[in-house]
Amino acid sequence: MSSLPIIDISPLIAGHKEGVQKVAEELDNACRTWGFFYIVGHGIPKERMEALTQMARTFFDQPMEEKLKIDIRHSTVHRGYGVVGVQQADPDLPYDNKETFDMHCDLKEDHPLVKQKVPLCGPNVHPDIPGWRDLMETHYKDMTNVARHLLRGLAIAIGIDEHFFSEKLNDPLSGFRLIRYPVLPNEENGACHLRRPHRLRYCHHSLPG
């Protein structure tokens, strides 16, 4: 195979038992052979992704003083806006040339995990952009559900109880990040991604800038 595999996970989503084993085998092969794969049949509409991309542009195009109203450096639970240079994933580079917005599972102040001061547990912060909060929170919940289905498929693939992983996704610490990479004149001083092989990541890309 000369390109990344494309896996239709709709049998997992729909609960079609006859197709689940095939999906599990495809996931297993993709993870062992490539480590990356595309998924289709996930139920997230194309219009949603287009809306997210446009909303992200609206946010990042705001004046800096607006974005800094939710500066992640003032957050104790790693939520909000990250200015260029706030992250340095590669110690050999001066900084990562990117802007970010980070959110996680939205846990209110009266949630037991928040009261216990468990790291990274707390409420999300959002910019004052019409429709932003509902769109982002809805997408986070929908993608968490997709993760549950994928993790069920991976559990089946390695021969353990199919709910072993997915049942752990109650109030998860999984993150949702929007990133804007500026268009650079050369490849110097770009951005580096952290190497975290134990994580399951979803990515949706648009053009730089």
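Here, each number is a calculation from the coordinates, and none is a lab measurement. No experiment lies behind these values; they were computed from the predicted model shown. Because the Cβ atoms are built from the backbone with ideal geometry, glycine has one as well, and the counts that use them run over all protein chains shown.
Numbers at a glance
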quantity	calculated
Residue, farthest from L27 (Cα to Cα), within region 144-163, restricted to residues that are touching a residue at least 40 places away in the same chain (Cβ under 8 Å) and of a type outside the set (G, A, S)	V146
Total residues in region 4-14, condition more than 15 Å from A155 (Cβ to Cβ) and not in a helix (DSSP H, G or I)	5
Test: residue in region 41-61 that is surrounded by fewer than 13 Cβ atoms within 10 Å (Cβ to Cβ), over 30 Å from D128 (Cβ atoms) and free of Cβ contacts under 8 Å to residues at least 40 places away in the same chain	no
Region 135-172, subset of a type in the set (S, T, N, Q) and assigned to a helix (DSSP H, G or I), residue surrounded by the most Cβ atoms within 10 Å (Cβ to Cβ)	S166
Cβ pairs under 7 Å, 6+ apart, first in region 131-143 and touching a residue at least 60 places away in the same chain (Cβ under 8 Å), second among the hydroxyl-bearing types (S, T, Y)	M143/Y202
Checking Q21 against (1) outside any loop (DSSP other than H, G, I, E, B); (2) closer than 29 Å to T100 by Cα, the condition it does not meet	(2)
